[in-house]
1. Leaving out ligands and nucleic acids, note down the accessible area per residue over the stretch 85-133 with a 1.4 angstrom probe, in whole Å².
2. When ranked by the protection proxy of mean other Cβ atoms within 10 Å per residue, highest first, what sequence do the peptides 78-86, 145-153 form?
3. Among 94-106, 22-34, how do they line up by average Cβ neighbours within 10 Å per residue, starting with the highest?
Amino acid sequence: MPYRGPPFRAISGPFEPLREPSPDPLADARQRLRHTGQWSAHQMAGRRWPVAGVSLEVTQRCKLDCTLCYLSDSSEAVRDFPLEEIYRRIDVIVAHDGPGSDVQVSGGEPTLRRRCELLTIVARLASRGLLPCLMTNGIKATRELLTDLAAAGLADVAFVQRFMRGTAGLRIDRSTLWRAMRSLGEAACTS
């Protein structure tokens, strides 16, 4: 669907990136959107939160080979980021975007991370006032895992199953996924 919002206007002055976190990230986001001519009725960022959402990549590993994915064939050989680095990134998100921001826990495939580490990451996000959403292809998203993640503070789940290739031998039990989603009371988007 083509963009139907107002035309974008030229920036009327120099744009300076934030050097330090803003004391009021939401007001700062609104000001910057107005300054760049992007504030409109259709703009999500700046309404309830300073950003529409943040993606926190917790791994680059994935067992699939999706046609539009930026990860290379060697993504399985890449080590996961240390938890300390993930925690530092969470602190940056809180400092710059404030609590209440949606955070997509993504990758690669985040469920390939060690279970205890994924639970710890989701719990850390929730404890900092952020709203974690698991972005997953669903292959390892068992009912038990999703229930444990919900108990740790997971706010949402999105099953992404587009443009997959090279998945011979992998079967996604959709009935299990749907039962797990219903048990969590979460809405998910599959395509």
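1. On the way: 1820 Å² over 49 residues.
Here the residues of the stretch 85-133 average 37 Å² of exposed surface.
2. On the way: 78-86: 13.4, 145-153: 18.4.
In descending order of packing, they fall as 145-153, 78-86.
3. Working: 94-106: 19.3, 22-34: 15.9.
Top of the packing list down: 94-106, 22-34.
The values are calculated or read from the model by the stated rules, or taken from the named source; none is laboratory data. Small disclaimer: the values here were computed from a predicted structure and weren't measured. Neighbour counts are summed over all protein chains in view; Cβ atoms, including those assigned to glycine, are modelled from backbone coordinates with ideal geometry. Surface accessibility is based on the protein's heavy atoms, side chains included, excluding ligands, DNA and RNA. Shrake-Rupley method; radii C 1.70, N 1.55, O 1.52, S 1.80 Å.
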